[in-house]
Amino acid sequence: MTEIEIGRGKRGRRAYSFDDIAVVPSRRTRDPKEVSIAWQIDAYRFELPFLAAPMDSVVSPQQAIAIGQLGGLGVLNLEGLWTRYEDPQPLLEEIASIADEADATRRLQEVYSAPIKAELIKERIKEVRDSGVVTAAALSPQRTAEFSKAVVDAGVDVFVIRGTTVSAEHVSGAAEPLNLKQFIYELDVPVIVGGCATYTAALHLMRTGAAGVLVGFGGGAAHTTRNVLGIQVPMATAVADVAAARRDYMDESGGRYVHVIADGGVGYSGDIPKAVACGADAVMIGAALARATDAPGQGYHWGMEAVHEELPRGKRVRLGTVGSTEQILSGPSHTPDGTMNLFGALRRAMATTGYTELKEFQRVEVTVNSGH
């Protein structure tokens, strides 16, 4: 990769976001009806290649069930309001009603200071599981050792370990670090871990036995990680780097395929084909689903970064609503801006460029916009 001189004492790689690239049509086109966008991880097949982000504004137990029935995978945040309160509905309504942003951050910090209850974790997972959809739930690396037994006992199908950045070797002098490799080896459910943003970090996560890795951090609509910590990852480059790690790990492991999931920067339908073109197998969607009329956030969106008691790295953002979850995922759309019919758009992008399978579409040609 070409490095650019920032100053005499520092050089840096040039990196690209999804906004910097575009997918190029080929000499062939297809009928959109011939295109398959189905995705499979471990034993589980999904008609739509996405996970709904484990954020309280996006996924409630009811939303997880609805998303599963629509062909996706809703990931429940096990450190959110549903595992701290028996009935979080009044709190969700209160969060949506606060006018001042500073007041909203303070109130979020307060309501999320209530303890997480293991019995509520089991109750929420059971609620989703009893509906018959694939059940996925997420913990941060810091809470995984404490609550993982409750999660597995409750019968989760896919376990997600998601943090701002997750390393295979989290170093801490104060607490026993989570040994990801040992942890994943001892579980009998597929584990998806992330975020990561570099080839080397991804390779280390793949070697832990993870079924999938989440790529990205600091790029979501509700994040302020770039402003607070100075950390951000241009997603097109990050996904392509991690896809290269997947290819090399396949050679190293004798053919073990680890799924690459773009997590961040996927705000509009056009970002999904770009993510797949860079090597993603699926995407994790937050803000786009927070715009649903039936989303728990009622037009507002926030993540766990916003509730940190010492250093919030996110905020509650007002996105408004555009349509139902079903319309946002599969249409019909009545907006021209890429906020609805996300997967109809992916299907059409693949048809326009002549591809019928997601894995093939990863080979599509892309260009870098002039001026970048």
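Quick note: the coordinates plus some simple rules give every number you see, no bench work behind them. Owing to the predicted nature of the structure, the values given are computational and were not obtained by experimental measurement. Reconstructed Cβ throughout: ideal geometry from the backbone, glycine too, with neighbour counts over all protein chains shown.
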> Using 1/(1 + (r/R0)^6) with R0 = 35 angstrom and r between the beta carbons of ARG318 and ALA114, what's the FRET efficiency to the nearest 0.05?
Replying inline: 0.90
> Of THR293, VAL215, LEU139, which is farthest along the charge dipole of the chain in the positive direction, counting Lys and Arg as +1 and Asp and Glu as -1 at C-beta?
Replying inline: VAL215
> Once amide H atoms are built 1.01 Å from N in the peptide plane, which residues 5 or more positions from VAL75, or in another chain, come under 5 Å H to H?
Replying inline: ALA52
> In which sequence would ARG162, ARG30, ARG13 go, from the one with the fewest C-beta neighbours within 10 Å to the one with the most?
Replying inline: ARG13, ARG30, ARG162
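Just need the relative contact order of the chain here, percent rounded to a whole number, with Cα pairs under 8 Å and 6+ apart. Present the calculation step by step, with values, prior to reporting the outcome.
Numbers: 802 pairs, mean separation 83.2, N = 372.
With pairs under 8 Å counted, the relative contact order is 22 percent.
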>> For THR335, THR352, which order do you get if you count the other beta carbons within 10 Å of each Cβ and list the fewest first?
In response: THR335, THR352
> Want the number for ARG11 to VAL366: 0.36 nm per residue separation, take away the alpha-carbon distance, what's left?
Replying inline: 125.2 nm
>> Test of understanding: extend the Cα→C-beta vector of ALA96 to 7 Å, then name every residue of the stretch 325-342 with backbone N under 15 Å from that spot.
In response: 325
>> As a footprinting exposure proxy, order SER97, SER330 by other Cβ within 10 Å, with the fewest listed first.
In response: SER97, SER330
> What label, among [x] 55, 53, 52; [y] 56, 50, 44; [z] 105, 57, 36, belongs to Cα extents along the principal axes in Å computed from the structure on display?
Replying inline: [y]
> What are the radius of gyration and Dmax of the stretch 1-143, computed over its Cα atoms and given in Å?
Replying inline: 21.2, 61
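Would you check the chain for Lys pairs whose C-alpha atoms are within less than 17 Å, ignoring same-chain pairs closer than 8 in sequence, and give me the count?
Lysine pairs meeting the criterion: 6.
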> In terms of modelled amide H atoms, which long-range or inter-chain residues lie less than 5 Å from the amide H of ARG291?
Replying inline: none
>> Modelling each spin label as a point 7 Å along the Cα-to-Cβ direction, I'd like the THR198/ARG30 distance in nm, to one decimal.
In response: 3.7
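Full-extension gain between TYR44 and LEU229, please, as 0.36 nm times their residue separation minus the C-alpha to C-alpha distance.
Working: separation 185, 0.36 × 185 = 66.60 nm, distance 3.67 nm.
So the chain would gain 62.9 nm between TYR44 and LEU229.
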